[in-house]
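For reference, the structure discussed in these notes is given below.
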Amino acid sequence: MKDNIRYILGDENLLDDIKELWEALNDHHKEKSLHFKEFYNKFSFDTRKADLIKQAQNQHMQVAVAFDDEVQICAGYCISSVDNDHTGEIDSIFVLPSYRGFGIGEQLMQKGLQWMDEMGAEKIVVNVAAGNEQAFGFYEKYGFYPRRTMLEQIKE
C-alpha cells in the first residue's frame, strides 16, 4: 500500500482528470488487440468522454481517482455506473504500470463495487477487451467470470 495515495470520489466532472490514464488504457488495448487496432487508433478521449456524459444523463455514475499527493499525478481510476434496470457496470478501470502491486486497483474496484451496491445494483458486469484476457484473474477476485463472448464483424 502506498501511503501518499488519496482517493477522490465524484461523478462525470472528474473525467478530464483521467484523460492521460484513459489514453494509456486505449494504447494498451490497441497493443493487445489482434483485429481492432484501427478502432483504438480512431477512438479518442473526447469521443469516450461524450459517450460517458450522455450515459450519465440517463443513469448514475461514479468516477474514483487514485491521486498521488507526493508527485501530483493521477495513478489510477475506476468509472462505475448503475442504470435504471439496476445493472451496475465497471465501465473502465486502469492503474499506471508503475503503481501496480500496491493495492490501488483493489481499492478502486472496492470503491466502485461498494457504490454500486449502495445504488441498488442487482447485477454487476464488466466487459474485457479481446486481447486483455490477463485481466480475468483480477476480476475473478471479485466474483466476475466469463459468461459469453461477443463477436463483432469488421466491415472492409
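The values are calculated or read from the model by the stated rules, or taken from the named source; none is laboratory data. It should be emphasised that the depicted structure is a prediction, and the values quoted were computed from it without experimental measurement. Note that we place each Cβ from the backbone using ideal geometry, even for glycine, and neighbour counts take in every protein chain shown. These area figures cover heavy atoms from the full protein model, side chains too; ligands, DNA and RNA do not enter into them. Shrake-Rupley method; radii C 1.70, N 1.55, O 1.52, S 1.80 Å.
Kindly list the number of the only condition in (1) open to solvent by less than 100 Å² (accessible area, probe 1.4 Å); (2) part of a helix (DSSP H, G or I); (3) over 18 Å from I90 (Cα atoms) that fails for K2.
Only one criterion is unmet by K2, namely (2).
If you go through the stretch 82-96 one residue at a time, do you hit one that is among the aromatic types (F, W, Y), surrounded by fewer than 16 Cβ atoms within 10 Å (Cβ to Cβ) and out of contact with any Cys (no Cβ under 7 Å at 6 or more places or on another chain)?
Within the stretch 82-96, not a single residue is among the aromatic types (F, W, Y), surrounded by fewer than 16 Cβ atoms within 10 Å (Cβ to Cβ) and out of contact with any Cys (no Cβ under 7 Å at 6 or more places or on another chain).
Name the single residue that is most open to solvent (accessible area, probe 1.4 Å) among those in the stretch 105-156 being under 24 Å from D27 (Cβ atoms), among the polar types (S, T, N, Q) and in a helix (DSSP H, G or I).
Per the criteria, the residue is Q134.
Restricting the search to the stretch 23-68, which residues are under 17 Å from the mean Cα position of the chain (by Cα) and of a type in the set (D, E, K, R)?
E23, D27, K30, K32, D46, R48, K49, D51, K54
Out of the stretch 50-75, which residues are of a type in the set (D, E, K, R) and under 15 Å from E20 (Cα atoms)?
If the condition is that a residue be of a type in the set (D, E, K, R) and under 15 Å from E20 (Cα atoms), then D68 is the only one that fits.
Taking S98 and the conditions (1) of a type outside the set (F, W, Y); (2) out of contact with any helix residue (DSSP H, G or I) (no Cβ under 7 Å at 6 or more places or on another chain); (3) under 18 Å from L9 (Cβ atoms); (4) not in a strand (DSSP E or B), which numbered condition does it fall short on, given that it satisfies the others?
Going through the list (1) of a type outside the set (F, W, Y); (2) out of contact with any helix residue (DSSP H, G or I) (no Cβ under 7 Å at 6 or more places or on another chain); (3) under 18 Å from L9 (Cβ atoms); (4) not in a strand (DSSP E or B), S98 breaks only (3).
Considering only the stretch 24-81, how many residues are under 24 Å from Q107 (Cα atoms) and open to solvent by 70 Å² or more (accessible area, probe 1.4 Å)?
The qualifying residues number 5.
Here is a check on your reading of the model: is F67 closer than 22 Å to G103 by Cα and modelled with pLDDT of 95 or more?
Here the answer is yes, as F67 does meet what is asked.
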